[in-house]
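**Q** Before anything else, here's the structure in question.
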Amino acid sequence: MAFKPGSFMTFLIVCPTCFFLGIIFSLFPYDYPILWSTTPTPPSHYDYLEAHLRFLHASPPLIPRMLHIVIFVGLAALVAKLYKPTESNMLFDGASLVLYMCGITVYIANIVKGLRLVSEGKYGNDLATGEEREGEQILNREDSLKVLSASNTILALVLVGVLVLQAGQWYADRKAAQEIEEMDDGKEKVSRNASLKKKSN
């Protein structure tokens with residue numbers, strides 16, 4: 001099978017996406033009791049989650065830099081696949097790029113901000129000024145951790161959407177290649193039959 005540059009770019013998209021899903025899956029034991037469990041969440045679980053998030057946010061600078069490099073690799077691969085795009089690229093890779101950017105937005109706006117709040121240990125009224133207390137709803141500690149867990153779930157769904165779109169593009173390209181191959185085989189058979197008829201005449 002001949003090597004195609006598009007397949008390598010797809011590899012550079014799928015690998016970072018699966019990498020991020022693995023990170024989110026590692027947080028699922030903490031998020032599940034908060035979001036999906038029918039039993040009331042004990043206060044001690046919020047303490048465990050808060051301690052874990054503080055540990056993550058206090059990791060050495062090399063770790064978030066590596067994470068951001070992987071994010072950039074996936075984004076660069078999506079942009080590269082849209083260079084001189086075909087109809088398939090415009091549909092699948094364009095939608096994948098939109099979802100990927102949505103994931104980056106959730107990461108920056110919710111997750112990074114939430115990790116900073118958890119590390120500071122200030123929630124609700126500790127962060128609010130007088131004007132904010134009157135005009136806005138301030139989240140307490142439990143609600144802030146729930147928002148952070150919900151952001152992980154949203155990000156996971158977005159990343160799964162990217163994988164589904166890439167798989168859909170692979171299937172569509174494969175079917176198109178099979179149809180072209182069948183058409184070429186049909187043309188060859190017609191030309192062979194025509195040449196045989198000429199020889200027989």
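Here, each number is a calculation from the coordinates, and none is a lab measurement. Being a predicted model, the structure only gives us computed values, none of them experimental. A quick note on method: Cβ atoms are made from the backbone with ideal geometry, for glycine too, and the neighbour counts reach across all protein chains shown.
**Q** Which length gain, in nm to one decimal place, applies between Phe28 and Ile63 when the Cα-Cα distance is subtracted from 0.36 nm times their residue separation?
**A** 10.6 nm
**Q** Under the classification rounded if a/c is under 1.5, otherwise prolate if a/b is larger than b/c and oblate if not, where does region 1-95 fall, given a ≥ b ≥ c as square roots of the Cα gyration tensor eigenvalues? Display every interim value, and only then the final one.
**A** Numbers: a/c = 3.64, a/b = 2.15, b/c = 1.70.
It comes out prolate by the Cα gyration axes.
**Q** Past 26 Å, Cα to Cα: identify those pairs from Lys81/Lys113; Lys84/Lys175; Lys81/Lys175, in the order given.
**A** Lys81/Lys113
**Q** Region 71-105 to region 25-69: how many Å between their Cα centroids?
**A** 29 Å
**Q** Cβ under 11 Å from Lys175's Cβ, Lys175 left aside: what net charge do those residues give with Lys, Arg +1 and Asp, Glu -1?
**A** In short, -3.
**Q** Give me the number: length gained by fully extending Ala109 to Leu91, i.e. 0.36 nm times residue separation minus the C-alpha to C-alpha distance, one decimal in nm.
**A** 3.8 nm
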